[in-house]
1. Quick check on the stretch 49-66. Is at least one of its residues farther than 21 Å from GLU139 by Cβ, assigned to a loop (DSSP other than H, G, I, E, B) and more than 13 Å from the chain's Cα centre (by Cα)?
2. For the stretch 138-156, state whether one or more residues are surrounded by fewer than 23 Cβ atoms within 10 Å (Cβ to Cβ), small (Gly, Ala, Ser) and without any contact (Cβ under 8 Å) to a residue 60 or more places away in the chain.
3. Pairs needed: first member in the stretch 12-27, in contact (Cβ under 8 Å) with a residue 12 or more places away in the chain and closer than 15 Å to ASP95 by Cβ; second member anywhere, basic (Lys, Arg) and in a loop (DSSP other than H, G, I, E, B); C-beta distance under 8 Å; at least 6 residues apart or different chains.
4. Is it the case that the stretch 137-152 has a residue that's in a helix (DSSP H, G or I) and more than 30 Å from GLU71 (Cβ to Cβ)?
5. Within the stretch 179-208, which residues are among the hydrophobic types (A, V, I, L, M, F, W, C) and assigned to a strand (DSSP E or B)?
6. Where residues in the stretch 165-186 are at pLDDT 95 or above and out of contact with any helix residue (DSSP H, G or I) (no Cβ under 8 Å at 6 or more places or on another chain), which of them is farthest from MET81 (Cα to Cα)?
7. Considering only residues that are assigned to a helix (DSSP H, G or I) and of a type in the set (Phe, Trp, Tyr), which ones fall in the stretch 70-88?
8. Are there any pairs with C-beta distances below 6 angstrom linking a residue in the stretch 186-208 that is under 29 Å from ALA137 (Cβ atoms) and without any contact (Cβ under 8 Å) to a residue 60 or more places away in the chain to a residue that is surrounded by 14 or more Cβ atoms within 10 Å (Cβ to Cβ) and acidic (Asp, Glu), with the two at least 6 apart or on different chains, and if so which?
Amino acid sequence: MVKLFLTRHGQTLWNVEKRMQGQLDSDLTELGREQAKALGKRLSDERIDVIYSSPLGRAMDTAKLIRGDREIEIKTDDGLMELYLGPWQGRLLSDVSLEFPEQTENFWKRPENYQRDDGETYYQLRERASKAVGRIAEEENGKNVLVVTHGIVLKTLRSYFQYQGIDEITNYNQSPQSTALSIVEKRDGRWSILLWNDTDHYKFIPNV
């Protein structure tokens, strides 16, 4: 059995600006840093054997803040990187929506139909992200693993953990919040979700 503690990175400057990040990067805001520290406090009594992170800076910074002073190795896996958005990356969502209305509609509401020649599909993302968590589960069998990744990765992985189609993503009540905690385990070859998108640790965040 392996247990994964999954989270999204903390809030970033581009999140605040409503700018599409994809595999480009922006710094954590002060609130984003406090979100990560709060999750670290929440997990302080949990046994975390190893941390896996997307190599993107916002995820790595979040992983380090969650770890704090604990001596836990952080490994990176490219399979945990955010959906590649091609030329949309770095642009304001409002501008992209005006220029590409149909594709933007599919991106948010019909992920099974979202397809671009200059970017990644949800299907391609799920294939690489599911392979990443599969590798982690195999290599870290018997351990508790913290995984720091991205919002669309988590939405897509949820469909994988629940053995559902990509079209089911839009039926989920809420997108992953910054540093929200999800817990899944793999036992006897099957994934089970124990907790999803929980932000109870926000109570530890000071006014920033």
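The values are calculated or read from the model by the stated rules, or taken from the named source; none is laboratory data. These numbers come from a predicted model, not from an experiment. With ideal geometry, Cβ positions are generated from the backbone for all residues, glycine too; neighbour counts draw on all protein chains shown.
1. No, the stretch 49-66 contains no residue that is farther than 21 Å from GLU139 by Cβ, assigned to a loop (DSSP other than H, G, I, E, B) and more than 13 Å from the chain's Cα centre (by Cα).
2. No.
3. ARG19/ARG91; MET20/ARG91
4. yes
5. LEU181, ILE183, VAL184, TRP191, ILE193, LEU194, LEU195, TRP196
6. GLU185
7. The one that is assigned to a helix (DSSP H, G or I) and of a type in the set (Phe, Trp, Tyr): TRP88.
8. SER192/GLU185
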